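Data first, discussion second: the structure below is written as structure tokens.
The values are calculated or read from the model by the stated rules, or taken from the named source; none is laboratory data. Note that the structure is predicted; figures quoted are calculated from it, not measured. Note that each Cβ is placed from the backbone with ideal geometry, even for glycine, and that neighbours are counted across all protein chains shown.
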Amino acid sequence: AIRDDLRKLKKYLSQLHARDESENPLFIEKLSSTWDELHQLTETGALIEPKLLETVAKLQYAFEDYPKDALHSFHFYLVKHAGMSWFPFPFLEMLKALHKQAQADSENCELQQWITLIDPIL
């Protein structure tokens with residue numbers, strides 16, 4: 001289940017890398033729900049391969065650290081708004097900023113770094 005969720009997460013991050021999905025509620029709901037499922041699975045202490053657990057932990061740290069100096073992190077919005085049909089403006093702005101960053105520097109942007117964390121275990 002975790003590996004499947006990581007595949008889905010990679011797909012959504014790649015999709016945001018390619019397109020501005022900040023105004024697509026279905027995309028945002030899928031991204032948030034997928035991360036929330038991963039987060040919950042690792043929090044419950046389910047039997048998980050150590051490499052998978054380590055990858056999710058690294059992603060969580062990265063999501064908690066983005067953006068720098070923000071009132072709430074990317075992780076906060078992903079978890080807090082999973083399954084909801086509305087999303088706060090700062091979260092939408094984060095999604096837009098991630099896409100813009102990817103367009104400006106495709107290889108070194110946050111999204112690419114997160115995708116690169118997932119790649120080795122898939």
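Points worth noting:
- Every pair of residues 6+ apart whose Cβ atoms lie under 7 Å, when the first sits in region 18-35 and is surrounded by 19 or more Cβ atoms within 10 Å (Cβ to Cβ) while the second is assigned to a helix (DSSP H, G or I) and among the charged types (D, E, K, R): Ser22/Lys96; Thr34/Asp5; Thr34/Lys8
- Applying the condition of being of a type in the set (S, T, N, Q) and modelled with pLDDT of 85 or more to region 24-57 and asking which residue is farthest from Thr116 (Cα to Cα) yields Asn24.
- Number of positions in region 7-32 that are under 18 Å from Phe87 (Cα atoms) and either outside any helix (DSSP H, G or I) or in contact with a helix residue (DSSP H, G or I) (Cβ under 9 Å, 6 or more places away or on another chain) (or both): 13
- Residue list for region 55-65, filter: over 14 Å from Ile2 (Cα atoms) and either among the small types (Gly, Ala, Ser) or surrounded by fewer than 18 Cβ atoms within 10 Å (Cβ to Cβ) (or both): Lys58, Tyr61, Ala62, Glu64, Asp65
- The residue list Ser106, Ser85 contains one member that is in contact (Cβ under 8 Å) with a residue 60 or more places away in the chain, more than 30 Å from Lys51 (Cα to Cα) and surrounded by fewer than 18 Cβ atoms within 10 Å (Cβ to Cβ), which is Ser85.
- Among the candidates Pro67, Pro90, residue that is part of a helix (DSSP H, G or I) and touching a helix residue (DSSP H, G or I) at 6+ places or on another chain (Cβ under 9 Å): Pro90
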